[in-house]
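**Q** To start, I am sharing the structure in question, which I have written as C-alpha cells.
The values are calculated or read from the model by the stated rules, or taken from the named source; none is laboratory data. As the structure is a computational prediction, the values presented were derived from the model and not from experiment. Neighbour counts run over all protein chains shown; Cβ positions are idealised from the backbone, glycine included.
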Amino acid sequence: MVATISHDRYFRDDYADDELTGDEMGVREFSDTSRCSSPTWSIYSYESSVDHQRMLREIHGRVFNNTSEYYMLPADAPEHCRLDMQHEMLKKKMNGLFLRPDAVHRALAPKQTEVPSILDVGAGSGCWALDVGKLFPHADVVGIDLAPANLKSPPPPNCRFECDDVNLGLDQYHDGFDVVNARCVSSGIADYRAFLEDVSQVLRPGGVFQSIEAEFQLYDEHFRPVTARSEDDPEFSWTQKMSLASLSAMEARGPGIRAGPQIPKWLKDMEGTWEETGEKVLWIPIGPWGEESLGERSKYVAELMRQDVIRFTSSVRPLLLTAGYFEETIDLWTERVHDELKNLRRRLYIRWICSWGIKRRKSGDVFY
Ligand SMILES: C[S@@+](CC[C@H](N)C(=O)[O-])C[C@H]1O[C@@H](n2cnc3c(N)ncnc32)[C@H](O)[C@@H]1O
C-alpha cells in the first residue's frame, strides 16, 4: 500500500527562485578536496584494489574507466569536481534540473502501483542524481556510469549508483523508470539512435527523457560559428582550436560526440513513441565578457562556464596525448587558452543543445 502524499509538495522546483549568495558571486570553491575516494554504496567499491584494477586505469597521470574504449575523459576527483561546477552552472542557467519540470512532476507523482523512479545515464560525480533524490524523496534514483561516482559520503537511501556500460543495452531496466536523464554523455555512446530506442523501452508511459549536450564548435558574440583557422586572423581563437582538436580525438574513438545536434530530430523520427518532443538551445558565454548587460546571475553562470573550460583543458590532455599530439603542443595551447579566457580576449559562446521526449501514454491512462 503506497502512502498518500500531498501532490503539491512535489509540484515545485526548488531552484527556480533561489538568490545568489555572496559566496557564489565570487565563484564558490569547487575544490578537489571536497571529493575523496571513500567507498560509496555503488555496487562496486572504489577502494577495493581488485575492483580498482578492473574498473579504473591510469593514463598520463589521470584516472579513467577501464571498460569503454569510446569514452576518454577522466573519472577522478578533479574531473568530478569540474562536473560539479558544470552542474551548478546548468542548474542556474536552467532555473532547475529539468527541461520540462511540469511533465517531470506529473510523471513522478506518487502512484498506487510502483515507486516513481529516475535513471541518470552517465551520472559522473552523481551531482544531478543526488539533487533529484533530494527533490523527490519519495522516488528511487539510479545513477549508472562506467566508473564509480567517488562520493564523499554515502548517498541518501533513495539513491544508488551502479557501474554499467549503456552500450551493452538497458534490457534489465525495461519499463522501470519515469524519468531518464542523459547529460553530456554522447561521446561515450556508440550508437545514439539505438540508445534512444533503449531509453524508450526503459520509460513507462508518460515518462520523460531529457538530453543536454554541449557543442565543441564555439560561437562568436553574434552567435556565428568561429571559423578562423589562422593565428593571424583577428577572429582566431585558441579555445576553439583546442576544442576542435579534442572533438576530432573523441570522434576518432566513436561517432557519439557528433550526436548532440541530431538528437531532437532523431526523437521526432521515432514515430509513435513520444506524445511530445521538443528542443531548446542554451547560449552560455565563456566568461562574463558582456558584463555591462549581464545580470548577477548571468555573470555567475558565465564565470562558471569560463572555469569549466579552463579545467577542461587538463581533462582532455590525456586524450590529446593518446591521439598523438606532442606534449609541448598541448602545453602551448593550454597556456594560450588560459590567457585568452582569463583576459577575455575573445567573446565566445558555447551552444548547449537540449531535447526531450514524453513517452506516449496508453489510451485510458489517467494521471492524478
Ligand atoms: C561528461 S560526464 C557527465 C556526467 C554527468 N552526466 C553530468 O552532466 O555531470 C559523462 C559521464 O558519462 C559516463 N559515460 C560515458 N559513456 C558511458 C556509457 N557508455 N555507459 C555509462 N556511462 C557512460 C562517463 O563515465 C562520465 O562519467
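**Q** Residues of the range 317-347 being hydrophobic (A, V, I, L, M, F, W, C) and under 25 Å from Phe223 (Cα atoms), which ones?
**A** So in the range 317-347, the residues hydrophobic (A, V, I, L, M, F, W, C) come out as 319-321, 323, 326, 330, 332-333, 337, 341, 344.
Hits for the range 317-347 are Trp333, Val337, Leu341, Leu344.
Each row is one residue, and each column tells you yes or no for (1) within 24 Å of Arg306 (Cβ to Cβ); (2) within 11 Å of the ligand (Cβ to nearest atom); (3) in contact with a helix residue (DSSP H, G or I) (Cβ under 7 Å, 6 or more places away or on another chain).
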{"residue": "Ala77", "(1), (2), (3)": "yes, no, yes"}
{"residue": "His80", "(1), (2), (3)": "yes, yes, no"}
{"residue": "Asp84", "(1), (2), (3)": "yes, yes, yes"}
{"residue": "Glu88", "(1), (2), (3)": "yes, yes, yes"}
{"residue": "Ala109", "(1), (2), (3)": "no, no, yes"}
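**Q** Given the condition at pLDDT 55 or above, within 13 Å of the ligand (Cβ to nearest atom), under 13 Å from the mean Cα position of the chain (by Cα) and in a loop (DSSP other than H, G, I, E, B), answer yes or no: does some residue in the range 48-71 qualify?
**A** no
**Q** Which residues, counting only those in the range 213-235, are charged (D, E, K, R), within 26 Å of the chain's Cα centre (by Cα) and in a loop (DSSP other than H, G, I, E, B)? Walk me through how you get there before you give the answer.
**A** At the first step, the residues of the range 213-235 found to be charged (D, E, K, R) are 213, 215, 220-221, 224, 229, 231-233, 235.
Cutting the leftovers down to within 26 Å of the chain's Cα centre (by Cα) gives us 213, 215, 220-221, 224.
Those that are charged (D, E, K, R), within 26 Å of the chain's Cα centre (by Cα) and in a loop (DSSP other than H, G, I, E, B): Glu215, Asp220, Glu221, Arg224.
**Q** Would you tally the residues in the range 64-92 being among the hydrophobic types (A, V, I, L, M, F, W, C) and either within 27 Å of Lys299 (Cα to Cα) or surrounded by fewer than 21 Cβ atoms within 10 Å (Cβ to Cβ) (or both)?
**A** 6
**Q** Going by the conditions given, is Asp131 out of contact with any Cys (no Cβ under 6 Å at 6 or more places or on another chain), more than 16 Å from the ligand (Cβ to nearest atom) and among the charged types (D, E, K, R)?
**A** Details: out of contact with any Cys (no Cβ under 6 Å at 6 or more places or on another chain): yes; more than 16 Å from the ligand (Cβ to nearest atom): no; among the charged types (D, E, K, R): yes.
No; evaluated as a whole, the condition is false for this residue.
**Q** Can you name the residue in the range 216-251 that is of a type in the set (A, V, I, L, M, F, W, C) and within 16 Å of the ligand (Cβ to nearest atom) and is also farthest from Leu319 (Cα to Cα) among such residues? Explain how you work it out, then say what you get.
**A** Just the residues of the range 216-251 that are of a type in the set (A, V, I, L, M, F, W, C), to begin with: 216, 218, 223, 226, 228, 236, 238, 242, 244-245, 247, 249-250.
Those left that are additionally within 16 Å of the ligand (Cβ to nearest atom): 216, 247, 249-250.
Details: Phe216: 15, Leu247: 10, Ala249: 7, Met250: 8 Å.
Within the range 216-251, the match that is farthest from Leu319 (Cα to Cα) is Phe216.
**Q** Give me the pairs: first residue in the range 182-210 and closer than 20 Å to Leu99 by Cα, second residue in a strand (DSSP E or B) and near the ligand (Cβ under 8 Å from one of its atoms), beta-carbon distance under 7 Å, and six or more apart or on different chains, which are they?
**A** Pairs that qualify, where the first residue is closer than 20 Å to Leu99 by Cα and the partner is in a strand (DSSP E or B) and near the ligand (Cβ under 8 Å from one of its atoms), are Ala182/Val121; Arg183/Ile212; Cys184/Ile212; Val185/Val121; Gln210/Asn181.
**Q** Name the residue that is surrounded by the fewest Cβ atoms within 10 Å (Cβ to Cβ), counting only residues in the range 317-368 that are in contact with a strand residue (DSSP E or B) (Cβ under 6 Å, 6 or more places away or on another chain) and modelled with pLDDT under 95.
**A** In this case the residue turns out to be Lys362.
**Q** Continuing with this model, one more query. Counting only residues that are part of a strand (DSSP E or B), hydrophobic (A, V, I, L, M, F, W, C) and within 14 Å of the ligand (Cβ to nearest atom), how many does the range 180-205 have?
**A** Final tally of qualifying residues: 2.
**Q** Just to verify a result, which residue in the range 111-128, among those that are away from the ligand (no atom under 12 Å from the Cβ) and either among the basic types (Lys, Arg) or in a loop (DSSP other than H, G, I, E, B) (or both), is nearest to Trp274 (Cα to Cα)? Reasoning before the result, please.
**A** Filtering the range 111-128 down to residues away from the ligand (no atom under 12 Å from the Cβ) leaves 111-118.
Now restrict to residues that are either among the basic types (Lys, Arg) or in a loop (DSSP other than H, G, I, E, B) (or both): 111-116.
Working: Lys111: 21, Gln112: 24, Thr113: 22, Glu114: 22, Val115: 22, Pro116: 19 Å.
The selected residue is Pro116.
**Q** Right, here's the next one. Given the conditions (1) in contact with a Leu (Cβ under 6 Å, 6 or more places away or on another chain); (2) farther than 20 Å from Cys159 by Cα, and given that Leu99 satisfies all but one, which numbered condition is not satisfied?
**A** Going through (1) in contact with a Leu (Cβ under 6 Å, 6 or more places away or on another chain); (2) farther than 20 Å from Cys159 by Cα one by one, Leu99 breaks only (1).
**Q** Going by what's in this entry, would Val309 be described as surrounded by 15 or more Cβ atoms within 10 Å (Cβ to Cβ), β-branched (Val, Ile, Thr) and modelled with pLDDT of 95 or more?
**A** Values: surrounded by 15 or more Cβ atoms within 10 Å (Cβ to Cβ): yes; β-branched (Val, Ile, Thr): yes; modelled with pLDDT of 95 or more: yes.
When the stated conditions are applied, Val309 passes them.
**Q** Follow-up. Residue under question is Gln210, and the condition is that it be in a strand (DSSP E or B) and within 14 Å of the ligand (Cβ to nearest atom); does it hold? Show your work before the answer.
**A** Values: in a strand (DSSP E or B): yes; within 14 Å of the ligand (Cβ to nearest atom): yes.
So Gln210 fits the description; yes.
**Q** So Met85 ticks every box in (1) in contact (Cβ under 8 Å) with a residue 40 or more places away in the chain; (2) part of a strand (DSSP E or B) but one. Which box is left unticked?
**A** The one condition Met85 does not meet is (2).
**Q** So which residues in the range 95-107 are away from the ligand (no atom under 16 Å from the Cβ) and surrounded by fewer than 24 Cβ atoms within 10 Å (Cβ to Cβ), if there are any at all? Give the steps one after another, and end with the answer.
**A** The first filter runs over the range 95-107 and keeps only residues away from the ligand (no atom under 16 Å from the Cβ), leaving 95, 100-107.
Correct list: Asn95, Arg100, Pro101, Asp102, Ala103, His105, Arg106.
**Q** Let me ask you something else. State which residue is nearest to the ligand (Cβ to nearest atom) when the search covers only the range 134-167 and only residues that are among the acidic types (Asp, Glu) and part of a strand (DSSP E or B).
**A** Going residue by residue through the range 134-167, those that are among the acidic types (Asp, Glu) are 140, 145, 162, 164-165.
Now narrow it down to the ones that are part of a strand (DSSP E or B): 140, 145, 162.
Numbers: Asp140: 18, Asp145: 4, Glu162: 9 Å.
Restricting to residues being among the acidic types (Asp, Glu) and part of a strand (DSSP E or B), the top hit is Asp145.
**Q** For the structure I just gave you, tell me whether Leu170 is within 16 Å of the ligand (Cβ to nearest atom) and crowded, with 23+ Cβ neighbours inside 10 Å.
**A** Numbers: within 16 Å of the ligand (Cβ to nearest atom): yes; crowded, with 23+ Cβ neighbours inside 10 Å: no.
So Leu170 fails the test.
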